[in-house]
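The values are calculated or read from the model by the stated rules, or taken from the named source; none is laboratory data. This is a predicted model, so every value here is computed, not measured. Glycine also receives a Cβ, built like all others from the backbone with ideal geometry; neighbour counts cover every protein chain displayed. Accessible surface is based on the protein model in full, side chains and every heavy atom, while ligands, DNA and RNA are left aside. Shrake-Rupley method; radii C 1.70, N 1.55, O 1.52, S 1.80 Å.
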Amino acid sequence: MALHNTPSQLGGRGMAEWPLPPELVLWVAHLATPLHARHAWRLLPLLRGLLFASGRRTVAAWLRAAGLGQDYKRYYYFLDALGRKAHFVASLLLRRVADVVAPGERILLGLDDTPTPRYGPRVEGAGTHHNPGPGPAGQKFLYGHVWVTIAWLACHPLWGTIGLPLRALLYVRARDVGKLTPRYGVSFRTKLQMAAELVTWAAGWLRYLGKALWVVADGAYAKRPFLKAARAAGVVVVSRLRKDAALWGVPLPPRPGAPKRRGRPPTYGKQAISLAKRAGHRRGWQAEELVLYGQAETKTYKTFLATYRPAGGLIRVVLVQEEGGWVAFFCTDPQAPVAQTLGAVAGRAAVEQDYHGIKEVHGAGQQQLRHYWANVAAFHLNLWAHTLVELWAWRRSAGRLRDRKDSPWDDPERRPSHADRCNALKREGLREVIRGAGRRRPLTRKIRTLFRGLLKLIA
């Protein structure tokens, strides 16, 4: 499979082919190996168009940016084939992340769901869902897709936790899935079942590393189907705990010298635990300085062991005193330190940053596609573009990724955003085009100044 496609292969006529960094080209070529050899090469030019597109990020904008308009029909068919093989491609990306990030003693994954609003009739898989961000209009519901997504939450040595999204599953309501079953064989599954599949998938592919695997999820996922699957996969779960959660004490050990009872030892204690009473008691609180959200904070917390039936046994509960009151978290590893538990909770914010990046920077949900598998492919392309850009920028200095000379009001020491990283990648590709033109014919100072101005406008 060719790493660099000629303009005739890409469908462009006389249009500049924006080069990508060599390592990025090699990564994309590796990701395309599960696809059929007949169309696997199309993944690279399509990702190039996604990265260099401007305006509303429709698939048509991707094709125009990469000069693929003459071959547009085959690329739309390619999206359908890519959507069916998305989990294989995501598995290879997971391995690539492990190579670049070089994880420590544990791997932290983040799990959450997000909607992408859609418009128009006959959009397969779309439905009416609760709107998590009503905004000024106060819309409680929206029409569109809901994606259950898993991301690798990697700790960068300089910039803290960075989310690297890997794979997503499209949640379709029971009343809407019947239209898809005869055509695509799609059956109804709850978000908890999808989250369980994603965690099991990640654990299977990461088992070769021999690392402890943790996953942090929203409190809506702290229920039996998900916790049971994570426990079976050997994954430690950190999540928020309801204030009225049915907790039980730790079973008492047998008294010395007492006769041995028949049967299995008890898993759950007999004494019910009230979180409100534990939080209201003045004893047991302690303060500790922890590094959360990239800065040192002093947290007042109380921790104890309990048994929780949805989790299948013993858990560690952490109560944290905040300005608005106390909140409760739990970890299915009873030996886990409080600092790691609260660090995982803080790391979940990177998942929200991922959603912001793929929607605001890459335009997830704007692709104007109607077929089920084409929508799956388009959303995954946005996830993978986000992760590939972050991996490309992983070992690059902040000076090469951010340029805030024209923004004196901005904090020059703020870590580069995902948009900064994308613009840095574009600048590197555009500079390569300019250097190539200069090698063929020396450029005047006026032309070089003009090129620098164009670079600022484009990236």
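Annotations
- Check on V351, modelled with pLDDT of 90 or more, within 21 Å of the chain's Cα centre (by Cα) and either open to solvent by 20 Å² or more (accessible area, probe 1.4 Å) or under 22 Å from L43 (Cα atoms) (or both): no
- For the stretch 165-185, the condition holds for at least one residue, the condition being that it is β-branched (V, I, T), surrounded by 15 or more Cβ atoms within 10 Å (Cβ to Cβ), at negative phi and not in a strand (DSSP E or B).
- Test result for T332, within 30 Å of R282 (Cβ to Cβ), of a type in the set (S, T, N, Q), surrounded by 19 or more Cβ atoms within 10 Å (Cβ to Cβ) and at pLDDT below 95: no
- Residue within the stretch 285-292 that is assigned to a loop (DSSP other than H, G, I, E, B) and among the aromatic types (F, W, Y) present: yes
- The conditions of being farther than 20 Å from T307 by Cα, in contact (Cβ under 8 Å) with a residue 12 or more places away in the chain and part of a strand (DSSP E or B) are met by L213.
- Among (1) touching a helix residue (DSSP H, G or I) at 6+ places or on another chain (Cβ under 6 Å); (2) closer than 21 Å to Q193 by Cα - the single one L153 does not satisfy: (2)
- For the stretch 34-42, the criterion of a residue being of a type in the set (G, A, S) and at pLDDT below 90 is satisfied by no position.
- Selection count, the stretch 46-75, where residues are hydrophobic (A, V, I, L, M, F, W, C), open to solvent by 20 Å² or more (accessible area, probe 1.4 Å) and closer than 15 Å to Q368 by Cβ: 1
- Which listed residue is touching a residue at least 12 places away in the same chain (Cβ under 8 Å), closer than 30 Å to R242 by Cβ and either out of contact with any helix residue (DSSP H, G or I) (no Cβ under 7 Å at 6 or more places or on another chain) or not polar (S, T, N, Q) (or both), from V320, V389: V320
- Among the residues listed as G178, G185, G160, the single one being of a type outside the set (S, T, N, Q), under 16 Å from the mean Cα position of the chain (by Cα) and modelled with pLDDT under 90: G160
- Test for D244: is it surrounded by fewer than 20 Cβ atoms within 10 Å (Cβ to Cβ), modelled with pLDDT under 95, closer than 26 Å to A276 by Cβ and under 17 Å from the mean Cα position of the chain (by Cα): no
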